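Have a look at the structure below, then the notes.
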Amino acid sequence: MMDLQSKLVVVTGAAGALGGAVVAAFETLGANVVGLDIVERSGIIPCDLFDSASCSAAVSRVREEHGAIDVLVNVAGGFAMGEAVHETSAATWRLMHDLNAGSVLNMASAVVPGMLEAGAGKIVNIAARAGLRGAANMGAYVASKSVVIRLTETMSEELREGGINVNCVLPSIIDTPANREAMPDEDFSRWVAPASLAGVIAFLASNMAADIHGAALPVEGLS
């Protein structure tokens, strides 16, 4: 059984399709979930994940209102096809790295000290299968997700002795409204359902994954 009852879970990107599924999965398992997102919505604490001060302020508010954070799930991120590597603009490069890797760094800075003080914690990052190898016209995105994988491995090496598990998932194509709109002719049934991916994330955040450190776990469906 997953021991997530009454655990305090912070989910970034909680207003998105995957973020909403992750929130729902943890709530179903009895966790106390707090969502962070740039999108202002009821039940979500506003946070600019590009800004370290905003992340620190949001995390401080979470602690003041709810107590110590047991689990951090870094869902927030983004995708852009972009250009060929030799045509990649500084703006595209910066956006992909800020969205996918910078957000992980900013949240780690805000959350990890409290977990180290408590001597326990779980962190799950969202990387991507695309981060494992290059792909045409996706250089900035691929590089940013590869960074998330390497950050996950590095954080695991740094934090495991402090009682903190750090792992990431590598989804292929997630079945979201945005992806359906972008690829309307694809077979959506072969994609990864957000609820399915959320279940894997919850597993990595539970006692059942206590001996898993620095893993990059593929979640690919049939795609």
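The values are calculated or read from the model by the stated rules, or taken from the named source; none is laboratory data. Quick caveat, the model's predicted, so the values are computed rather than measured. When we count neighbours, we look across all protein chains shown, and the Cβ atoms used for this are built from the backbone with ideal geometry, even at glycine.
What are the residues in the stretch 72-127 that are under 15 Å from Val9 (Cα atoms), touching a Leu at 6+ places or on another chain (Cβ under 8 Å) and in contact (Cβ under 8 Å) with a residue 60 or more places away in the chain, if any?
Answer for the stretch 72-127, where residues must be under 15 Å from Val9 (Cα atoms), touching a Leu at 6+ places or on another chain (Cβ under 8 Å) and in contact (Cβ under 8 Å) with a residue 60 or more places away in the chain: Val75, Ala76, Met107, Val111, Lys122, Val124.
Any chance the stretch 119-138 includes a residue that's closer than 26 Å to Met2 by Cα, polar (S, T, N, Q) and either in a helix (DSSP H, G or I) or in contact with a Cys (Cβ under 8 Å, 6 or more places away or on another chain) (or both)?
Yes.
Taking Gly114 as the residue in question, decide whether it is touching a Lys or Arg at 6+ places or on another chain (Cβ under 8 Å), surrounded by fewer than 20 Cβ atoms within 10 Å (Cβ to Cβ), at pLDDT 95 or above and farther than 20 Å from Val23 by Cα.
Numbers: touching a Lys or Arg at 6+ places or on another chain (Cβ under 8 Å): yes; surrounded by fewer than 20 Cβ atoms within 10 Å (Cβ to Cβ): yes; at pLDDT 95 or above: yes; farther than 20 Å from Val23 by Cα: yes.
In short, yes.
Restricting the first residue to the stretch 187-213 and requiring it to be within 17 Å of Val9 (Cβ to Cβ) and assigned to a loop (DSSP other than H, G, I, E, B), which pairs with a second residue that is at pLDDT below 95 and of a type in the set (A, V, I, L, M) meet a Cβ separation below 6 Å and a spacing of at least six or different chains?
Final answer for the pair search is Ser206/Met2.
Run Trp93 past the list (1) under 18 Å from Val147 (Cβ atoms); (2) over 14 Å from the mean Cα position of the chain (by Cα); (3) of a type in the set (A, V, I, L, M, F, W, C); (4) buried (at least 19 other Cβ atoms within 10 Å of the Cβ) and report the number of the one that doesn't hold.
Of everything listed in (1) under 18 Å from Val147 (Cβ atoms); (2) over 14 Å from the mean Cα position of the chain (by Cα); (3) of a type in the set (A, V, I, L, M, F, W, C); (4) buried (at least 19 other Cβ atoms within 10 Å of the Cβ), Trp93 misses just condition (4).
Considering only residues that are touching a residue at least 12 places away in the same chain (Cβ under 8 Å) and polar (S, T, N, Q), look in the stretch 128-167 and name the one that is surrounded by the fewest Cβ atoms within 10 Å (Cβ to Cβ). Working first, answer last.
Initially, the stretch 128-167 is screened for residues touching a residue at least 12 places away in the same chain (Cβ under 8 Å), giving 128-132, 136-149, 151-153, 155-157, 159-160, 162-167.
Keeping just the survivors that are polar (S, T, N, Q) gives 137, 144, 146, 152, 156, 165, 167.
Numbers: Asn137: 15, Ser144: 29, Ser146: 19, Thr152: 25, Ser156: 19, Asn165: 25, Asn167: 25.
Restricting to residues being touching a residue at least 12 places away in the same chain (Cβ under 8 Å) and polar (S, T, N, Q), the top hit is Asn137.
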